[in-house]
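Encoded as structure tokens, the structure appears first; notes follow it.
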Amino acid sequence: MRFCIWLLERLLRPEVSASVVGDLIEQRERGAFWIYAETLSALWNLHTRPHSGDGLVTTFLIDLRIAARLLRRSPAFAIVSVLTLGLAIGATTAIFSVIEPVLIRPLPYPQPERLVFVWERDRDGSRDNVGYATFRDFMNESRSIEYGAAIGDWQPTLSGEGRPERVSGDRVSWQYFRVLGVRPELGRDFLAEEDVPGQNQVVILSHGLWERRYGADRSIIGRTISINDNPLTVIGVMPASFDNVASPSAQVWRALGYANQPFACRTCHHLRMLARIRPEISLATATTELDQIHRRMEKAYPNEYASDGASIVTMQAEATREFRPALLALTAAVLLVLLIAVANVVNLQLARAVRREEEFAIRAALGARRSRLVGQLLTEGLLLALLGGAAGLVVARLSLPILIDRLPQALPRLSAIHLDLAALGTVTAIVLLLAIVMGLAPARGPVGDLGINLRSGRRLSGGRHHVTRAALVVGEVALATMLLVSAGLIARSLVRLLAVDVGFDPTHLLTLEINSAGANYRSDAPVFAYHDRVRDVVASLPGVTSVAVANQLPLAGNVDMYGVIDPDNIPSNPELVPSGDRYVVSGTYFSTMHIPILRGRNFTASETSDTTNRVALVSAALAQRLWPGANPIGKRIRLGGLKGLDRVVVGVAGNVRHRGLDATSTLQWYVPERQWAGADNQEVLIVRTAGDPSALAASVRKVVASIDPTQPIVKLATMDQIIGVSTAQRRLALVLFGAFAAAALLLAVAGIYGVLAGSVAERTREIGVRSALGATPRDIIGLVVGQGGRLSTIGLVLGVAGSFALTRYLRTFLFGVGPTDPTTFVGVVALLGFVTVAACLIPAMRASRVDPSRALRSE
């Protein structure tokens with residue numbers, strides 16, 4: 001209330017402010033909302049001249065009231081301008097709300113610039129995870145690393161309290177949270193003595209998991225919970241604010257406890273290494289040191305490394321590596337839309353300013369200074385920008401949750417995306433910039449030569465405005481071209497991607513993950529019996545035509561690879577042998593997936609149950625890699641390194657896309673389920689149906705759960721949905737770029753139409769003279785269309801040139817087409833040429849109907 005009284009006493013004349021302030025004090029019990037409303041009402045109805053010393057603020061309020069009155073008198077102009085700005089500002093704010101926490105904001109850790117990932121560098125320049133022995137040597141020998149941690153993926157099953165639940169987690173060495181510089185909110189961190197086999201029976205929970213499954217019970221610390229049917233002790237709970245950028249989906253962490261176990265080797269590249277570099281050490285120095293340490297390891301163990309040194313990358317760069325190009329491209333696209341929207345509103349402002357020249361001339365004749373008139377225009381621009389900004393915030397508030405739902409779940413810092421002060425600051429900056437642009441652009445003409453305007457009664461600034469508006473239209477067409485080319489390239493890429501032969505028939509396939517964890521599944525026999533029981537029960541359901549089990553699924557994000565050796569041609573360094581995707585499958589796998597067997601045969605019934613007659617199938621690509629030009633049937637193959645068992649190749653299967661539709665094709669090999677060394681406790685159940693697979697999802701889940709209710713059922717999805725997830729990023733990009741391009745096209749067409757319509761109105765007398773001198777309607781149409789054609793042609797040329805610069809950032813989205821695909825460029829030019837001609841025809845037809853005698857008399 002004190003602020004309101006101070007403001008009223010400063011802006012109102014004393015006799016007026018005393019009355020208003022008195023009312024506020026007397027009725028202050030009506031509440032703050034009433035006080036603010038009465039204050040705004042008093043300021044809004046201000047009509048006295050400003051008194052000395054307070055002129056700027058009072059003048060601004062008067063100008064603001066006049067601007068509002070003018071907008072009310074032009075509702076069409078106001079609505080179109082506000083909606084145009086609102087949509088553009090809203091889209092910009094929503095995209096910025098994603099960009100700022102992901103690409104701009106520092107990671108939420110102390111001194112995040114010192115956090116790095118350490119990789120082994122393969123001989124082809126690509127990078128690889130590290131083995132535990134390599135990690136251990138890095139930690140023992142490096143002087144650059146202050147803290148370091150090894151991270152391994154973990155998919156535990158929680159049981160004992162409520163329904164069994166499968167969650168994502170990590171197994172980490174004891175310094176993991178020290179590397180990040182964070183501490184548990186409850187309890188404590190891991191200890192060094194807990195990071196050894198047998199002593200690693202401790203876990204730390206995420207805040208969300210603690211609240212959701214354990215009811216935020218603070219007595220959880222020290223309690224034993226059941227994970228994979230093993231009793232593990234909870235020693236800590238992380239804060240709610242903890243943002244786990246290294247593994248965004250992890251909800252529980254267990255001490256790694258590797259030590260000298262068999263899988264703690266140099267050749268087992270399944271661990272990521274995260275480190276904190278010492279403050280006095282530069283990244284370049286740390287990189288050099290770790291590379292030298294790795295090269296010493298290569299010399300000491302020449303048969304255990306296929307890599308060529310080590311490399312490091314900051315955690316910030318690694319977290320955004322996959323998504324940075326796409327997000328930058330989207331940022332560029334939304335900024336282009338914003339520029340087009342501003343250009344369109346400025347065009348409307350310029351056309352409106354031409355009609356107001358006489359008004360400004362009269363005000364100048366009555367004593368208004370040029371600065372006063374410019375101030376009025378700036379105030380009008382500010383009001384329009386404020387209304388557009390308010391509409392933009394509404395658009396951003398409604399669209400951001402939808403956008404977040406469609407963003408890839410692997411996007412780092414997803415939980416930090418929301419409308420915050422940074423987004424509001426961005427909107428404020430945009431509004432102020434727009435206010436200046438929209439105020440100063442029309443001020444160039446209507447406030448100049450005011451006396452001449454009034455004496456002659458002619459509009460002298462129309463020509464200057466026409467040049468400015470023509471330049472704006474050229475810019476709109478150029479920007480629209482860039483967006484249309486980008487959308488066209490993404491659309492063509494998606495079409496090419498969806499046409500890729502995945503190597504199997506994804507239609508009518510339902511998949512789900514079945515688990516067999518706990519005391520009842522300590523040995524292989526009960527695991528295999530459980531898998532057989534699940535297959536038999538599901539196969540008996542009506543509508544099911546075939547059922548299979550496999551350890552992994554194509555295109556589902558699995559990475560499970562083993563080295564493949566030809567025993568008759570063993571290389572000197574076994575680490576240089578090719579690796580293939582490991583598929584441990586039931587005998588019905590190929591018929592269920594509809595993967596063709598190109599040579600040889602499938603597994604026989606005896607081979608799927610016999611562990612002595614060891615056999616394998618290989619993909620056509622693997623057969624060509626190992627035995628180019630030769631018949632692979634009957635050849636021997638050794639899987640899993642030199643110590644692996646030899647198997648006989650009995651068939652060659654067709655190649656399948658395993659990593660992704662756009663990924664480089666990998667090699668695959670297949671063995672019967674019971675012939676692998678140990679049963680997999682996590683398997684994929686694959687069900688082929690006669691009809692819609694989603695219609696059987698509930699029935700399949702129910703019967704599988706009935707077999708063993710203690711086991712969780714996760715990842716229930718059709719194969720088409722899995723493929724859809726793999727293309728989700730491109731689909732989102734297509735939707736966004738398509739929407740931006742459509743908006744840009746409409747705005748560019750509207751701009752061309754507006755400029756030509758204004759030009760026809762200004763040149764009515766000239767057109768009348770031309771008609772009087774013998775010009776035919778066809779000549780007049782050609783004149784107007786030619787004018788619009790020249791503008792669009794210049795815009796197209798500039799837009800095509802700009803597209804070459806923009807589309808190079810779209811390589812992440814492209815597949816099967818280049819960033820300079822000629823078909824796309826030609827199609828966009830043809831589309832824009834067609835719509836611009838259509839936009840020219842309406843004002844051209846209007847010009848052809850101008851009556852020469854009436855046009856001449858009107859002057």
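The values are calculated or read from the model by the stated rules, or taken from the named source; none is laboratory data. On a predicted model such as this, the values are computed, not experimentally measured, just so you know. A quick note on method: Cβ atoms are made from the backbone with ideal geometry, for glycine too, and the neighbour counts reach across all protein chains shown. Note: accessible area is taken over every heavy atom of the protein model, side chains too, but ligands, DNA and RNA are not part of it. Shrake-Rupley method; radii C 1.70, N 1.55, O 1.52, S 1.80 Å.
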*Hey, could you check the stretch 589-610 for residues that are more than 30 Å from Gly543 (Cβ to Cβ) and open to solvent by less than 80 Å² (accessible area, probe 1.4 Å) and say which is modelled with the highest pLDDT?*
Gly600
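Out of Asn602, Asn573, I need the residue that is closer than 30 Å to Asp122 by Cβ and assigned by TED's automatic domain parsing to the domain that holds Val648. Which one?
Numbers: Asn602 fails: closer than 30 Å to Asp122 by Cβ.
From the options Asn602, Asn573, the qualifying one is Asn573.
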*Kindly provide the set of residues from the stretch 608-629 that are over 46 Å from the mean Cα position of the chain (by Cα) and either without any contact (Cβ under 8 Å) to a residue 40 or more places away in the chain or within 11 Å of Gly651 (Cβ to Cβ) (or both), ordered by number.*
Thr612, Asn613
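Taking Ala621 as the residue in question, decide whether it is farther than 27 Å from Val547 by Cβ, at pLDDT 90 or above and assigned by TED's automatic domain parsing to the domain that holds Val564. Before the answer, list the steps.
Working: farther than 27 Å from Val547 by Cβ: yes; at pLDDT 90 or above: yes; assigned by TED's automatic domain parsing to the domain that holds Val564: yes.
Spelling it out, Ala621 is indeed farther than 27 Å from Val547 by Cβ, at pLDDT 90 or above and assigned by TED's automatic domain parsing to the domain that holds Val564.
Does Thr764 fit the bill of being of a type in the set (S, T, N, Q) and open to solvent by less than 20 Å² (accessible area, probe 1.4 Å)? Break it down stepwise before answering.
Values: of a type in the set (S, T, N, Q): yes; open to solvent by less than 20 Å² (accessible area, probe 1.4 Å): no.
So Thr764 does not fit the description; no.
Please determine, by comparing only the residues of the stretch 473-508 that are among the charged types (D, E, K, R) and surrounded by 18 or more Cβ atoms within 10 Å (Cβ to Cβ), which one is nearest to Ser591 (Cα to Cα). It would help to see each step written out before you state the result.
Taking the stretch 473-508 first, the residues among the charged types (D, E, K, R) are 476, 492, 496, 501, 505.
Next, only the ones that are surrounded by 18 or more Cβ atoms within 10 Å (Cβ to Cβ) stay: 476, 492.
Working: Glu476: 56, Arg492: 33 Å.
Applying the filter and picking the extreme gives Arg492.
Mind counting the residues in the stretch 480-519 that are in a helix (DSSP H, G or I) and without any contact (Cβ under 8 Å) to a residue 40 or more places away in the chain?
Final tally of qualifying residues: 1.
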_Residue, most open to solvent (accessible area, probe 1.4 Å), within the stretch 673-712, restricted to residues that are closer than 30 Å to Met561 by Cα and among the basic types (Lys, Arg)_ = Arg701
*What residue, of Ala365, Ala353, is among the small types (Gly, Ala, Ser), surrounded by fewer than 17 Cβ atoms within 10 Å (Cβ to Cβ) and at pLDDT below 75?*
Ala365
*Test each condition in (1) of a type in the set (A, V, I, L, M); (2) in contact with a strand residue (DSSP E or B) (Cβ under 8 Å, 6 or more places away or on another chain); (3) crowded, with 20+ Cβ neighbours inside 10 Å for Ala748 and report the one that comes out false.*
(2)
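Checking the conditions here, which among Gly208, Gly222 is modelled with pLDDT of 90 or more and within 27 Å of the chain's Cα centre (by Cα)?
Result: Gly208 is the single residue among Gly208, Gly222 that is modelled with pLDDT of 90 or more and within 27 Å of the chain's Cα centre (by Cα).
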*Taking interchain pairs and intrachain pairs at least six residues apart, which have beta carbon atoms under 8 angstrom, with the first residue in the stretch 314-334 and of a type in the set (S, T, N, Q) and the second open to solvent by 20 Å² or more (accessible area, probe 1.4 Å)?*
Thr314/Glu113; Thr314/Leu283; Gln316/Pro106; Gln316/Pro112; Gln316/Glu113; Thr320/Leu103; Thr331/Phe96
_Thr267 vs. criteria of a type in the set (Val, Ile, Thr), closer than 30 Å to Gly90 by Cα and surrounded by fewer than 19 Cβ atoms within 10 Å (Cβ to Cβ)_ = no
*asked:* Is it the case, given these coordinates, that Arg636 is open to solvent by less than 60 Å² (accessible area, probe 1.4 Å) and basic (Lys, Arg)?
replied: no
*Among the residues of the stretch 541-588, which ones are surrounded by 15 or more Cβ atoms within 10 Å (Cβ to Cβ), of a type in the set (Asp, Glu) and out of contact with any helix residue (DSSP H, G or I) (no Cβ under 8 Å at 6 or more places or on another chain)?*
Glu575, Asp581
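Answer yes or no as to whether Glu280 is farther than 30 Å from Leu434 by Cβ, over 34 Å from the mean Cα position of the chain (by Cα), open to solvent by 40 Å² or more (accessible area, probe 1.4 Å) and not hydroxyl-bearing (Ser, Thr, Tyr).
Working: farther than 30 Å from Leu434 by Cβ: yes; over 34 Å from the mean Cα position of the chain (by Cα): yes; open to solvent by 40 Å² or more (accessible area, probe 1.4 Å): yes; not hydroxyl-bearing (Ser, Thr, Tyr): yes.
Judged against the criteria, Glu280 is a match.
From the list Leu274, Leu327, which one is surrounded by 16 or more Cβ atoms within 10 Å (Cβ to Cβ), assigned to a helix (DSSP H, G or I) and within 34 Å of the chain's Cα centre (by Cα)?
Details: Leu274 fails: assigned to a helix (DSSP H, G or I).
Of Leu274, Leu327, the one residue that is surrounded by 16 or more Cβ atoms within 10 Å (Cβ to Cβ), assigned to a helix (DSSP H, G or I) and within 34 Å of the chain's Cα centre (by Cα) is Leu327.
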*Quick one: in the stretch 159-180, which of the residues that are of a type outside the set (S, T, N, Q) and under 18 Å from Met139 (Cα atoms) is farthest from the chain's Cα centre (by Cα)?*
Trp174
_Residues that are open to solvent by less than 40 Å² (accessible area, probe 1.4 Å), more than 15 Å from Glu120 (Cβ to Cβ) and not β-branched (Val, Ile, Thr): does the stretch 296-315 have at least one?_
yes
*Within the stretch 303-324, which residues are outside any helix (DSSP H, G or I) and either modelled with pLDDT under 85 or under 21 Å from the mean Cα position of the chain (by Cα) (or both)?*
Asn303, Glu304, Tyr305, Ala306, Ser307, Asp308, Thr314, Arg321, Glu322, Phe323
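Tell me yes or no: at least one residue of the stretch 824-836 is among the aliphatic types (A, V, I, L, M), under 19 Å from Ser759 (Cβ atoms) and at pLDDT below 90. Don't jump to the end; show me each part of the working.
Let us first name the residues in the stretch 824-836 that are among the aliphatic types (A, V, I, L, M), namely 826, 828-832, 835.
Okay, now just the ones that are also under 19 Å from Ser759 (Cβ atoms), so 835.
Remaining after also requiring at pLDDT below 90: 835.
Yes, the stretch 824-836 contains at least one residue that is among the aliphatic types (A, V, I, L, M), under 19 Å from Ser759 (Cβ atoms) and at pLDDT below 90.
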